[in-house]
1. Being modelled with pLDDT under 90 and within 14 Å of the chain's Cα centre (by Cα) is the filter here, so list the residues in the range 188-225 that pass it.
2. Scan the range 97-119 for residues that are of a type in the set (S, T, N, Q) and surrounded by fewer than 24 Cβ atoms within 10 Å (Cβ to Cβ) and report the count.
3. Of all residues in the range 123-141, which are under 9 Å from SER21 (Cβ atoms) and either surrounded by fewer than 18 Cβ atoms within 10 Å (Cβ to Cβ) or among the β-branched types (Val, Ile, Thr) (or both)?
4. Assess whether GLY6 counts as being within 30 Å of GLN167 (Cα to Cα) and either out of contact with any Phe, Trp or Tyr (no Cβ under 9 Å at 6 or more places or on another chain) or open to solvent by less than 10 Å² (accessible area, probe 1.4 Å) (or both).
5. Where residues in the range 170-182 are without any contact (Cβ under 8 Å) to a residue 60 or more places away in the chain and touching a strand residue (DSSP E or B) at 6+ places or on another chain (Cβ under 7 Å), which of them is least open to solvent (accessible area, probe 1.4 Å)?
6. Looking at this structure, is LEU96 more than 30 Å from ALA178 (Cα to Cα) and touching a residue at least 12 places away in the same chain (Cβ under 8 Å)?
Amino acid sequence: MMERRGERYRRYLSIAIMLFSMLGCAIGFSIIFGSVWPYYQKIDGSASKSFLGFIVAAFSFGQLLTSPFIGMWSNYRPIREPLIITLIIVIIGYSLYAYAEAFNHGGKWVLIISRFIMGLGAGNVALARSYMSSATLETERNTAMSLLASTQALGFILGPALGLLFQPLGKDGVRWPATKSSFNLYTGPGFLGALLSIINIIMVVCFFKEYTVHGIKKRLRLRRLLYCCVNGGRGEETKPLIEKQLNGENCTIATGCKFCWGRGG
């Protein structure tokens, strides 16, 4: 008895959503590399390269702080919760980055704070690795983890490339006087990153379902039991019990076995 095609499809869909989360995190790390220095210079006329180093490093520092706690959180709660919360945090960081120029000379501090906040949300990388190991069977795990690492590398490559898409907007771009900001070469990556995170949240809310290897194996064992019981002539009395088990109600495989092979049989 194998995993049903529909269940396998839904499990693979959830894995694909996790891969998209990893891709978005990697893009968020590298998308600003092509524009952050001139953006910083535009905000602060006395820009220094040493402070630029802090802006770039703030992301990794934030990620370092939150990754262990996010991993612990996912041990006790459904993984969907920390994933959505971290994506919301990432959106806040991207938004601050895009509006940093509205803060005039204080904008350089907004840049470093925004990058730090993005890093706090990027702790969901721990969720992606954890989920990939728990939602894949032993025969799939090596491929899944390799695919996760490749997705992260792809994000590092795509980030700067996506930043180039905003080159035609130039330094001024489209100004929004009401917010003292603009959509231009420098702020475009921030808006794009926020949009990708919003799409990711929609995907998680609408399509993501958490699977574990333990749950998959349990359901397969129950189906084998049902198959044996039906073919053994006791399907009518055991089938309702096993269906309850498949639906998550409180009964055990041992109880089902008692119906099949018990009664002195």
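1. LYS209, GLU210, listed by residue number.
2. First pass over the range 97-119, keeping only residues of a type in the set (S, T, N, Q): 104, 114.
Then drop every residue that is not surrounded by fewer than 24 Cβ atoms within 10 Å (Cβ to Cβ), which leaves 104.
Of the residues in that region, 1 qualify.
3. Correct list: VAL125 only.
4. It is false that GLY6 is within 30 Å of GLN167 (Cα to Cα) and either out of contact with any Phe, Trp or Tyr (no Cβ under 9 Å at 6 or more places or on another chain) or open to solvent by less than 10 Å² (accessible area, probe 1.4 Å) (or both).
5. So, considering only residues that are without any contact (Cβ under 8 Å) to a residue 60 or more places away in the chain and touching a strand residue (DSSP E or B) at 6+ places or on another chain (Cβ under 7 Å), the one least open to solvent (accessible area, probe 1.4 Å) is GLY173.
6. Against the criterion (more than 30 Å from ALA178 (Cα to Cα) and touching a residue at least 12 places away in the same chain (Cβ under 8 Å)), LEU96 does not qualify.
Table: residues versus (1) open to solvent by less than 70 Å² (accessible area, probe 1.4 Å); (2) closer than 17 Å to PHE116 by Cβ; (3) under 21 Å from the mean Cα position of the chain (by Cα).
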| residue | (1), (2), (3) |
| --- | --- |
| ALA47 | yes, no, no |
| PHE69 | no, yes, yes |
| TRP73 | no, no, yes |
| TYR76 | no, no, yes |
| TYR94 | yes, yes, yes |
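The values are calculated or read from the model by the stated rules, or taken from the named source; none is laboratory data. Just so it is clear, the structure is predicted and the values come from calculations on it, not from any experiment. Using ideal geometry, Cβ is built from the backbone for each residue, glycine included, and neighbour counts are taken over all protein chains shown. Heads up: the accessible areas ignore ligands, DNA and RNA and are worked out on the full protein's heavy atoms, side chains in. Shrake-Rupley method; radii C 1.70, N 1.55, O 1.52, S 1.80 Å.
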